[in-house]
Amino acid sequence: MMLNPVLLIAIPLGLAFISVIFSKVKAWFLVVGTIACSVLVFFVESGETAIGGFRLPFAISLVVDDYTMIAVATVNILLLAVLAVSYKKASAYSTVLLAGLAGLNGMVMTGDLFNLFVFMEITAISAYIISSEGKKPEKSFNYLVIGSIGSVLYLLGLILLYGIAGTLNMAEMSEMIPGLTATAVILPVFLIFLGISVEAKLLPMSGWVRGVLGNSNSFTGPILATVYSSAALFVFGRLFSQILVMEKAISTVIVIIALITFISGQAAAFRSRSIRKVLLFSSIAQAGLAAALFVTGFVFPAVLVIVNNAIGKFVMFATAGRLDEEYGTDDYIGLRGAFCSNIVAGSAFTISALSITGIPLLFGFYAKLNVLAAYLNQGTYFVPAVILAGTVIEAAYFIRIIIRLWAPGREGEQADASESVGARKIFSFTEGMAVVIAALLIILSGILPDSAGKLIGGEKGLLGDEGPVISMTSMKGDSE
Amino acid sequence: MKKIFAGLAAVAFGVLLILGISASTDIFRYEDALTEGGAAARYIAKDVNGSNGEIVFGETNDAETGSANMVTSVIANYRSFDTLGEVTVLFLASLGVSLLAGTMVKNGKRKKSGFVLKTSARFLFPVMLLTGIYIFTHGHLTPGGGFPGGSMIASSFLLLYLADEGFSTRISSFKIAEGIAGLLYTAIGATGLLVGGYFLMNFLPTGTVGSLLSGGIIPIVYVLIGLKVGSEITGIVSSMYNGEVKV
Amino acid sequence: MSWFNVLEVAVSILLIVFAISAVVSKKLLTSIVMLSAVGMAAAVAFALLSAPDVAVTEAVIGSGLITFLFVASIRRAGKAGDVL
Amino acid sequence: MIKFTSLLLIAIGLYGILSTRNVIRILVGINIMEIGINIFIVAMGYVSDGAAPILSVDSPGSLLKYVDPVAQALVLTSIVIGLGITALGLVFARRIHSKYGTYDLDSIGGDS
């Protein structure tokens, strides 16, 4: 039996309301809600479901297709993983997380522009509250201010589109956009781009990231950097690859902004010494890459980039947050040899870092290959060059961190006792399990990229005929 | 320096907006959308799911949504899902405020309010409360509805906080009211899903346009919204008023 | 000019004047009171634009409750001198 | 006319946000921006001589004479969301004040 997708929103929302009444056991509701949603994801009915029993396109609708399926699945399962890693901290925010989960699911599934605004606000407000865990109110405040400006801009853009098209339904809007004069659509599209770049961490509006994620712990880091930002990127992808498809001249501007985000993110990551700062700037860079791909129309590679980055950053932010909590610093020079006593966490971290960089036999390699192939097939050489340049920087800073964290302080002539940090266990068994499973997933999907690609892209591939751009089996066949 | 930069940015932004919008005023087709049967026109004529003739106040029976106030029919029926999201935003905000504003403290150094002030506040309190309740129970007929009604309830509590230094409530009781109202709202949606196969479906008969018992689930939803908004804003107000941040 | 236009111009001017004085005023409390005035003028504008529902809501929330929240949150800092 | 006034309000609000580092003033700026956008939305849905979208005993016969109820519904939602954001922002402001003794972000100093 296929279920109505609205359950993915109604169940966590209802549980959130119950959890304030029975606040003693609210953490249980969180666990039940997250598990229920992660399971239900695979049983929802595809197609556009109207809410309220009104005829489409006049009703608010939820859209479930291959694309939103993978988005919802990613978000829910990642949230479950974050809970496994930092259950104790997360349980204090049970109600906020449950309502936030409803917002995230609604955000990626909704088929209505204003409904998207409402769900974005739910998500944003829960993110503000979660970010206050960092005990730096001025950073959260900064986040809130940028978020509010973004939401005003988004609202303005959306209302202009409503004024022009007379509808808020995304499917109807996407049919009308090509028929409208470009001059009328530029301003709203640009405003919507600015509005959505706050959560998606794209350049003009990403000023909050440094303060919020730089002070993250093993709970706020993974949740804001992976769950929330992949949801925002999936929304960005849906809007800019399916609904607001622009003429080449306009989309080029957005691609350039996204590529600047990519390169400057990589450069800033290279300059940072704190692991969390490296990670957050790397996240900004990956968001820029995914955004550029989406706007160019390469949906499948972009989804691969998002998923790869989400799994990898989940492991890495969790590890970095824990390192900071245990050792009181996350400066990788001060953490020399920290992985020697945490072989499991260290290996997972290493695998994730290498995967994000795109080392062969890991999932990230498949993702990067698809990205490059998409551009080369199209005959573009400038963008792949930029991406490769960024990847070199990326490899440099990740390998630098990994070497420092594995080398037990015998880099000079004398092993100074203060150079190597002491042995401390950073993960308990269950927490370690979540991280290990994530790392195994990266390896497994790297070895079997075709099945992973099918899993993510659906049988036919995203958007029907496009499909996985590169098939590993065919590549092997060519080389033999 | 900062002010000059800010001024330039604001002027640039304002000019951009005004130019961008006036360049496309001729393409804004809202009035066309009305005639061509856009969403707004359908909502006004109440014929999204098929025509039921011209809607006449006090006569038409069982019209779609059945609310005389069209804004209400949009808020509590056509786009009720938005409203559910919106009360969730407020719910989260109130939760965040009570999480962050700190615990209640007895405010020892407050001046005692005078007898006249206190008595008149106590007299005004039920009047305001009733006005709020009236506003949201008549939301489908007259301007107003759940949001101003709920805010009115919150204002009445605010009045007591300001005028009566002995008045205090437990924030957790507002939390429970919020939770119950929100749960009922979701439950009404789920009932629609069970009865008619659509979440938040208007599964009750809609009655005669213009009578108090019309609109199907609209009055119920609006009362819940009113109670929820009222308890949420009261929660925010009392946290802001009484909370003391411990550093 | 119909009464609508006259009122429209008047409300527009009021909105702009209140908004500018809210942004540039030296005292924090003046800013907040001016914000409340902007909310009130906005409520009039909404009523003018045939939006009674919005006008009522804006009057209660935008002009009333938000002002209270602002004042309540700067109230404790009032003794610092630089604030009020 | 009032449409452009509302755009000016948005610009003034933006100036208010950018020109100061005082958290309360920033919130005032955000609120002005929100009021601006709300007026703009309602003005978008306004039809000249349009009636308020409420049926009553003496409603106009033709449907065309109503202003857009959708725009007004959106604004109601947006006003309430704005209240929530402002309340949360004020709590952050209060926390900033109790931690650093000032509302001025510049005098907090420090990085990361």
Of all the residues that make up segment C:30-67, how many are hydrophobic (A, V, I, L, M, F, W, C), more than 20 Å from D:G13 (Cα to Cα) and facing another protein chain (nearest Cβ under 7 Å)? 5
Can you give me the number of residues within segment A:16-67 that are closer than 29 Å to A:A452 by Cβ and touching a Lys or Arg at 6+ places or on another chain (Cβ under 7 Å)? 1
Tell me, please, whether a residue that is surrounded by 21 or more Cβ atoms within 10 Å (Cβ to Cβ), within 14 Å of chain B (Cβ to nearest Cβ), assigned to a helix (DSSP H, G or I) and of a type in the set (V, I, T) can be found in segment C:13-25. yes
I'd like to verify a number: residues in segment C:55-84 that are at pLDDT 60 or above and on the phi > 0 side of the Ramachandran plot, how many? 0
So, of the residues in segment D:6-25 that are touching a Leu at 6+ places or on another chain (Cβ under 6 Å) and over 16 Å from C:L35 (Cα atoms), which turns out to be surrounded by the most Cβ atoms within 10 Å (Cβ to Cβ)? D:L7
How do the helices (runs of 4 or more DSSP H) wholly within segment A:147-265 filter down when requiring 3 or more residues that are in contact (Cβ under 8 Å) with a residue 60 or more places away in the chain and within 11 Å of another protein chain (Cβ to nearest Cβ): which remain? A:182-200, A:207-214
Within segment A:155-175, which residues are at pLDDT below 85 and hydrophobic (A, V, I, L, M, F, W, C)? A:I164, A:A165
Contact list, first residue from segment A:87-110 and at the interface with chain B (Cβ under 10 Å from one of its Cβ atoms) and outside any helix (DSSP H, G or I), second anywhere and surrounded by fewer than 24 Cβ atoms within 10 Å (Cβ to Cβ) and of a type in the set (F, W, Y), beta-carbon distance below 7 Å, six or more apart or interchain, is none
From the list B:I44, B:I18, which residue is surrounded by fewer than 23 Cβ atoms within 10 Å (Cβ to Cβ), modelled with pLDDT of 80 or more, more than 9 Å from chain A (Cβ to nearest Cβ) and touching a Phe, Trp or Tyr at 6+ places or on another chain (Cβ under 7 Å)? B:I18
Sole exception among (1) facing chain B (nearest Cβ under 8 Å); (2) of a type outside the set (A, V, I, L, M); (3) closer than 18 Å to A:L144 by Cβ; (4) touching a strand residue (DSSP E or B) at 6+ places or on another chain (Cβ under 8 Å) for D:N22, by number: (1)
On the basis of being more than 7 Å from every other protein chain (Cβ to nearest Cβ), among the β-branched types (V, I, T) and either crowded, with 24+ Cβ neighbours inside 10 Å or closer than 19 Å to B:G132 by Cα (or both), does B:V223 make the cut? yes
Does segment B:190-198 contain any residue that is among the β-branched types (V, I, T) and within 29 Å of B:T119 (Cα to Cα)? no
Single residue of segment B:74-119 satisfying the filter (of a type in the set (G, A, S), crowded, with 24+ Cβ neighbours inside 10 Å and over 13 Å from the mean Cα position of the chain (by Cα)) that is modelled with the lowest pLDDT: B:A101
Taking segment B:123-140 as the search range and keeping residues that are within 12 Å of chain C (Cβ to nearest Cβ) and among the hydrophobic types (A, V, I, L, M, F, W, C), which one is surrounded by the fewest Cβ atoms within 10 Å (Cβ to Cβ)? B:M128
Consider segment A:423-480. How many of its residues are modelled with pLDDT under 80, polar (S, T, N, Q) and farther than 21 Å from A:F339 by Cα? 5
Could you say which residue among D:I37, D:I12, D:I108, D:I17 is more than 10 Å from chain B (Cβ to nearest Cβ), of a type in the set (A, V, I, L, M, F, W, C) and under 19 Å from the mean Cα position of the chain (by Cα)? D:I37
Every residue in segment A:19-37 that is out of contact with any Ser or Thr (no Cβ under 9 Å at 6 or more places or on another chain) and within 25 Å of A:V85 (Cβ to Cβ), please. A:K24, A:V32, A:T34, A:I35, A:A36, A:C37
Out of everything in segment A:34-49 that is buried (at least 20 other Cβ atoms within 10 Å of the Cβ) and over 22 Å from A:V96 (Cβ atoms), what residue ends up being nearest to the chain's Cα centre (by Cα)? A:V44
With criteria (1) more than 14 Å from chain A (Cβ to nearest Cβ); (2) part of a helix (DSSP H, G or I), B:L213 comes up short on (2)
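The rows are residues; the columns are (1) surrounded by fewer than 19 Cβ atoms within 10 Å (Cβ to Cβ); (2) more than 25 Å from A:I60 (Cα to Cα); (3) touching a Phe, Trp or Tyr at 6+ places or on another chain (Cβ under 7 Å).
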residue: B:A121; (1), (2), (3): no, yes, no
residue: B:I153; (1), (2), (3): no, yes, no
residue: B:E165; (1), (2), (3): yes, yes, no
residue: B:F174; (1), (2), (3): no, yes, no
residue: B:I188; (1), (2), (3): no, no, no
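The values are calculated or read from the model by the stated rules, or taken from the named source; none is laboratory data. Please read these numbers as outputs of a predicted model, since none were measured by experiment. Heads up, the Cβs are rebuilt from the backbone with ideal geometry, glycines too, and the neighbour counts pull from every protein chain shown.
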